[in-house]
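Beneath this line is the structure, given in structure tokens, with notes to follow.
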Amino acid sequence: MGTILEINSRIGDIVWGWPMLILLVGTGIVLTFRLKFIQIREFVYIIKSTLFKMFSKSSDGHGEVTAFQAVATALAATVGTGNIAGVALAIAIGGPGAIFWMWLSAFFGMATKFSEVVLAIVYREKNKDGSISGGPMYYIKNGIKMPWLAKFFAMFGMLATLGTGNMTQSNAVASVLDQTFGINKLFVGCVLAILAGIVIIGGIKRIGVVTEKLVPFMAAFYIIGAIVIIAKNIGAVPGAFALIFGSAFSTQAMTGGFAGASVKLMMKMGISRGVFTNEAGLGTAPIAHAAATTDHPVRQGMWGIFEVLMDTLVICTMTALVIIVTGQWNSGLQGAVLTTTAFETGFKGGSFVVAFGLTFFAFSTILGWAYYGERCMEFLFGKKSVIFYRIVFIPAIVVGSIGGLQAVWAISDTLNGLMAIPNLIAIFMLQGVVVSMVKDFFADPDYVRESHHEYISALPITEEDKKAVGNLIMK
């Protein structure tokens, strides 16, 4: 086991080191330019099509769940411990300047997440029972014609869900409830497993129904708590932004319990925590988006941009501002403890906001990642294999709550990063498809798409695939 962990540690250093971070952000930069800064150019339209239509039950097109249920499932999986503990860790190690780099990675990550979702819709498959299957494994298999690479992605994804999307989350919930309310960890784990099992067994439709109600509630609960603290310290907000921007390009000196940080360390902490929270480029969210009912890939792709916006630029920023305006950023504390202390400093009982927020965030992540794991398992071994995945996944929630296997967590973190490699290869090779889809969608103000064949003919794919894409758009 020692040898395995040593090998995993070395691979992990590479996977979550500078080469991967540069690849992730670099892909976002390339896509941003290819898409002509769609996250800015069409920002107003994107907000109108997402935020203002959040609870729309439109049934245009085909799919298993509504567009918002799909993004709610993706957000449920994305908004997790990273938004509370991850942001605090970035500030504690890299200083306030790390937040600037987190914002920057999120900006370019919007283009990456948008492209992932578009491709997930273009290359998804409809099964005999009417269900929808999609995600990176399908656009790798059907788009770049590399089924072996698709299997690698599915294998990494299936195994990573047990640690990253399961055991680490249940452990975070059990720990915070034990520390705040003195609730037994094993009891917490059992309750989580039962509740999660009830939802997971219902598949994507039941997960979608639960997450579309849970995500807005948990986000609003946490954001309102943060706004209260920020409002109470409104005079410190300009200084907080000045500190973030002012220290982003200069070495942060030692102060209080803060050990100081170089620009390189700030960049690494900000970018890595940003990627960890919004998952742009990892290939997870497209699995949920692929099940959405939509009439065009680009329309669902806009929800991908909205997802990064909410996760990093709103929720993570709220966490960061609370930590800075309350003066706790240089206290020497780290992780969830730092965020909890900052909220409690903000107002009496603020620690309860973090406790409940972390509980909801982590539980929703378990639901989302369970679906990801099931789809990866199904891709590898067929639909009947899903039951075996559930038999392993649900008990693992309990194992994680009482401490679990640290080795499993470490290996899962590495596998989580390895998922990004085949996904980024596919996105880069299929960027022409994404660009063509964008041209098609915005070609007609009324989106009649009578001339969609012009753009499909330019796609860098086979004639058979062009026909399939054309049929999808006309649906």
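Any idea of the accessible area per residue across the chain, 1.4 Å probe, to the nearest Å²? Before the final figure, lay out the partial values.
Values: 18000 Å² over 475 residues.
That works out to 38 Å² for each residue.
By how many nm would the segment from Thr3 to Leu380 lengthen if fully extended, with 0.36 nm per residue of separation less the alpha-carbon distance? Before the final figure, lay out each step's value.
Values: separation 377, 0.36 × 377 = 135.72 nm, distance 2.80 nm.
Additional length available on full extension: 132.9 nm.
Return one quarter of the surface area of the convex hull spanned by the alpha-carbon atoms of the range 8-434, equal to its mean projected area, in nm².
If you wrap the Cα atoms of the range 8-434 in a convex hull and average its projections, you get 18.6 nm².
Which lysines, if any, have their Cα less than 17 Å from the Cα of Lys151, not counting same-chain residues under 8 positions apart?
Within the straight-line limit of under 17 Å, Lys151 reaches these lysines: Lys141, Lys383.
Given a cut-off of 28 Å, name the pairs among Lys53/Lys348; Lys53/Lys439; Lys145/Lys213 whose C-alpha atoms lie farther apart than that in the structure shown.
Values: Lys53/Lys348 36 Å; Lys53/Lys439 23 Å; Lys145/Lys213 38 Å.
Checking Cα-Cα distances, Lys53/Lys348; Lys145/Lys213 exceed 28 Å.
Using only the alpha-carbon atoms, how far is helix 386-401 inclined from the longest principal axis of the chain? Give it as 0 to 90 degrees, nearest 10.
Compared with the principal axis, the helix lies near 10 degrees.
Using a 7 Å offset from the Cα along the Cα-to-Cβ direction at both Lys264 and Arg41, what is the distance between the two label points in nm, to one decimal?
Between Lys264 and Arg41, the simple spin-label model gives 3.7 nm.
Add -39500 (n - 2.57) for each DSSP H run of 4 or more in the chain, then divide by its residues: what number comes out at 222 nm, to the nearest 500 deg cm²/dmol?
Details: 25 runs with 335 residues, N = 475.
Calculated mean residue ellipticity at 222 nm is -22500 deg cm²/dmol.
Which value, in Å² and to the nearest 10, is the accessible area of Tyr123 when all protein chains are kept and the probe is 1.4 Å?
Roughly 10 Å² of Tyr123 is accessible to a 1.4 Å probe.
With label points built 7 Å along Cα→Cβ from the Cα atoms of Phe241 and Lys348, find their separation and express it in nm.
Modelled inter-label distance: 3.3 nm.
Compute the acute angle (0 to 90°) between the alpha-carbon long axis of helix 2-15 and the principal axis of greatest extent of the alpha-carbon atoms of the chain; round to the nearest 10°.
70 degrees
In whole percent, and with a 1.4 Å probe on the protein chains, what portion of the accessible area of the range 129-193 is carbon and sulfur? Please list the in-between numbers first.
Working: 1550 of 2320 Å².
So the carbon and sulfur contribution to the accessible surface is 67 percent.
Let me cross-check Met310: its accessible surface, 1.4 Å probe, with only protein heavy atoms counted, in Å² to the nearest 10?
Its heavy atoms expose roughly 40 Å² to the probe.
Probe radius 1.4 Å, ligands and nucleic acids left out: which of Phe249, Phe276 has the largest accessible area, and how do the rest follow? Please list the in-between numbers first.
On the way: Phe249 135, Phe276 55 Å².
I get Phe249, Phe276, largest accessible area first.
Which FRET efficiency value, to the nearest 0.05, do you get for Val228 and Ala443 by plugging their Cβ-Cβ distance into 1/(1 + (r/R0)^6) with R0 = 45 Å?
Values: r = 46 Å, r/R0 = 1.02.
Calculated value: 0.45.
What angle do you read, to the nearest 10 degrees and between 0 and 90, between the alpha-carbon axis of helix 350-381 and the longest principal axis of the chain?
Approximately 30 degrees, to the nearest 10.
³J(HN,Hα) across the range 201-217 via Karplus (A = 6.51, B = -1.76, C = 1.60, θ = phi - 60°), whole Hz, x for Gly/Pro?
4, x, x, 4, 5, 6, 4, x, 5, 6, 5, 5, 9, 6, 4, x, 5
The values are calculated or read from the model by the stated rules, or taken from the named source; none is laboratory data. No experiment lies behind these values; they were computed from the predicted model shown. So basically every Cβ, Gly included, is an ideal-geometry build from the backbone, and we count neighbours across all protein chains shown. Protein only, heavy atoms only, side chains kept; ligands, DNA and RNA dropped before computing areas. Shrake-Rupley method; radii C 1.70, N 1.55, O 1.52, S 1.80 Å.
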